[in-house]
Amino acid sequence: MVGTNTPRKFQIKIAVLPGDGIGTEIVAEAIKVLKVLDLSFEMETALVGGAAYEAHGHPLPPATLELAKAADAILFGAVGDWKYDSLDRPLRPEQAILGLRKNLSLFANFRPAICYEQLVNASSLKPELVSGLDILIIRELTGDIYFGQPRGRRVATDGHFPGTQEAFDTMRYSKPEIERIAHVTFQAARKRNKKVTSVDKSNVLETFQFWKDVVTEVHAQYPDVALDHMYVDNAAMQLVKEPKKFDVIVTGNMFGDILSDEASMLTGSIGMLPSASLNAKNQGLYEPSHGSAPDIAGKNIANPLATILSAAMMLRFSLNQTAAADRIESAVSAVLSQGLRTADIYSQGTQKVSTQQMGDAVVAAITKTSKG
Ligand code: IPM
Ligand code: MG
């Protein structure tokens, strides 16, 4: 707005999109945590996913998209439910998150996989393999087979589907798309251990030979960062064999989807993994890496920590509130040290708590630190 007569707005705007399933429960806990921080921002909630489909006949209604576009940051829960499985592809709840990513050009998806020391025993891997684990998966989020041209039973290019004999989705990447994610990755690696593994399938796919070539070309501008390349099947294996040898992983949309779910289990539970999806303006959508888990929805048992940690990422990346982000992250660590666990990370000798109790405990830990 600079340069116009419109008064400059200083109020930070957060669009809150809880979505479906456990989405509403976990987002409610993250909001509780944000509210206790004494920061001033406006929050506005809108329907998205299956909830929006029920109310407005579309998973990403125009009003929701406009709210998201106008916001500095978006706090997102999760979308999806098996009951929508028979809907045509464009109306499925998942289209809401894909539409937001595409419309806002949220091309850089950061999925850190950090194993909290207190949860070393919750991992399905041996403690020595995951203790101290801190890797960052950077997933390209607006290209690849996810956004190539589809055809099949539910999406027809010629307007009708009867007797479908084949289906396809097209894998594609343009040079600028690979370049920008490569730059983001090398810059992120500079703030860590300066080590990047680019994951591809260049032995089979043209798209990923191209990916490898372009990443290598961009790398020339970052001689201080080490780069190696790994095939995705090998990366999937190495992640469970010796996960700590990775630092930053960069990969395409599809492989990143799979590898980030895999990496989440190293940390004990997918319920612990936050994520940030950023565009070139650092506007971001923040969501847990997990889904809507309809099987446990409404039971007050889901783990809200991934969403609470996503709110911390939002403060750090989009809202420039590093101290507040640190406070949330320390509070999460403190509640884990107190032995509080939701069902997904529970082990003998710890205390099982509900979704709301976990949120309350994080709030209490933050309030305690602010009182010194
Ligand atoms: C994720 C999810 C989404 C994806 C779904 C819900 C469309 O699995 O964010 O990882 O595939 O990207
Ligand atoms: Mg996924």
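What the table below lists for this structure:
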item: Selection from the range 52-83 of residues that are more than 22 Å from the chain's Cα centre (by Cα) and in a helix (DSSP H, G or I); result: 53, 54, 55, 56, 62, 63, 83
item: Residues of the range 222-272 satisfying the condition of being aliphatic (A, V, I, L, M), over 20 Å from residue 171 (Cα atoms) and within 13 Å of ligand 1 (Cβ to nearest atom); result: 263, 270
item: Members of the range 199-222 that are assigned to a helix (DSSP H, G or I) and within 17 Å of residue 234 (Cβ to Cβ); result: 208, 209, 211, 212, 215
item: Selection from the range 195-230 of residues that are touching a residue at least 12 places away in the same chain (Cβ under 8 Å) and within 14 Å of residue 254 (Cβ to Cβ); result: 199, 200, 201, 205, 207, 208, 211
item: Complete set of residues in the range 160-188 that are closer than 17 Å to residue 107 by Cβ and in contact with a strand residue (DSSP E or B) (Cβ under 9 Å, 6 or more places away or on another chain); result: 173, 177, 178, 180, 181, 182, 184, 185, 186, 188
item: Matching residues in the range 103-128 - criterion: being assigned to a helix (DSSP H, G or I) and crowded, with 17+ Cβ neighbours inside 10 Å; result: 118, 119, 120, 122
item: Residue within the range 347-366 that is touching a helix residue (DSSP H, G or I) at 6+ places or on another chain (Cβ under 8 Å), surrounded by fewer than 23 Cβ atoms within 10 Å (Cβ to Cβ) and modelled with pLDDT under 95 present; result: yes
item: Segments classed as strands (runs of 3 or more DSSP E), wholly inside the range 236-296, with at least 1 members that are among the aromatic types (Phe, Trp, Tyr), buried (at least 24 other Cβ atoms within 10 Å of the Cβ) and in the same structural domain as residue 23 (by TED's automatic domain parsing); result: 284-288
item: Candidate set: the range 129-145, residues that are over 15 Å from residue 258 (Cα atoms) and assigned to a helix (DSSP H, G or I); chosen: the one farthest from the chain's Cα centre (by Cα); result: 129
item: Complete set of residues in the range 308-338 that are touching a residue at least 12 places away in the same chain (Cβ under 8 Å) and small (Gly, Ala, Ser); result: 310, 311, 312, 318, 324, 325, 330, 331, 333, 334, 337
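The values are calculated or read from the model by the stated rules, or taken from the named source; none is laboratory data. Just so we're clear, the structure is a prediction, and the values are computed from it rather than from any experiment. Cβ: placed from backbone, ideal geometry, glycine included. Neighbour counts: every protein chain shown.
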